[in-house]
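Below: one structure, written as structure tokens.
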Amino acid sequence: MTIVIGAFSIHPLQQLIEILSMTPLPSLARRAFLGGVAVTLAAPIAACARTPGLKAIAVYKTPTCACCDGWVRHLRDARFDVGVTVTTDLRALRTNHGMPETLASCHSALVDGYFIEGHVPADDIRRLIAQRPDAVGLSVPGMPLGSPGMETPGGDRDRYDTLLVLRDGTTRVFTRHNA
Ligand SMILES: [Cu+2]
């Protein structure tokens, strides 16, 4: 059997090929393939973003602060995605974010719109970003022994509080950490 289209005669097999090439099937297949590539590329990123508990936190520390590095390790162990910026002007950072100098420690961090000052335990940060109070953030003023990053070989521990810092600069106890 032959089909005559215009001046050309086409065999059925050729006709089938013609029809297939005009249908959207090849482009659908191509799109499916490209979609597959996109999914393949996106998968690792999505996997990262969806890993439960992996929360980005930006830490600011001075160049020579060893206990700051200890706190960064504590955060990483607690499955925070930690970025570290070395700076010599932590005071300006605190001032710009409403953290009073009376509550200062050796390093600062920004997480989820909150300001974190000092050796704040990761569990306190997690509770803060889960509860989302209207506040500047948290501070552990000074550098209490036994707080994360301030461990000693002898296991010395100070009793200390993690303070919730409100927008007017006042504080209330967020967590008590007993020695
Ligand atoms: Cu410190």
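Just so it is clear, none of the values below were taken in a lab; they were calculated from the coordinates. Just so you know, these numbers come straight off a predicted model, no measurement behind them. In this analysis, Cβ positions are derived from the backbone assuming ideal geometry, glycine residues included, and neighbour counts consider all displayed protein chains.
What does the highest-first list of 102-109, 166-173 look like by mean Cβ count within 10 Å?
Working: 102-109: 21.0, 166-173: 11.9.
The packing order, highest mean first, is 102-109, 166-173.
With 10 angstrom as the radius, rank Glu101, Glu117 by how many other C-beta atoms surround their C-beta, starting from the fewest.
On the way: Glu101 9, Glu117 26.
Ascending Cβ contact count within 10 Å gives the list Glu101, Glu117.
Near the amide H of Phe115, under 5 Å away, which other amide H atoms are found, from residues 5 or more places off or on another chain, if H is placed in the peptide plane?
Gly137, Leu138
Would you mind telling me the antiparallel percentage of the DSSP bridges in segment 55-177, rounded to 5?
Working: 17 of 28 bridges.
Restricted to segment 55-177, the bridges split so that about 60 percent are antiparallel.
Please list, ordered by chain and number, the residues whose modelled amide H lies under 5 Å from the amide H of Phe174; skip anything fewer than 5 residues away on the same chain.
Thr162, Leu163, Leu164
When the Karplus curve 6.51 cos²θ - 1.76 cosθ + 1.60 is applied with θ = phi - 60°, which whole-Hz ³J(HN,Hα) does each residue of segment 108-113 get, with x for Gly and Pro?
9, 8, 10, 8, 6, x
What whole-number volume per residue, in cubic angstrom, does the convex hull of the C-alpha atoms of segment 75-179 give?
Taking only Cα atoms, segment 75-179 has a hull volume of 105 Å³ per residue.
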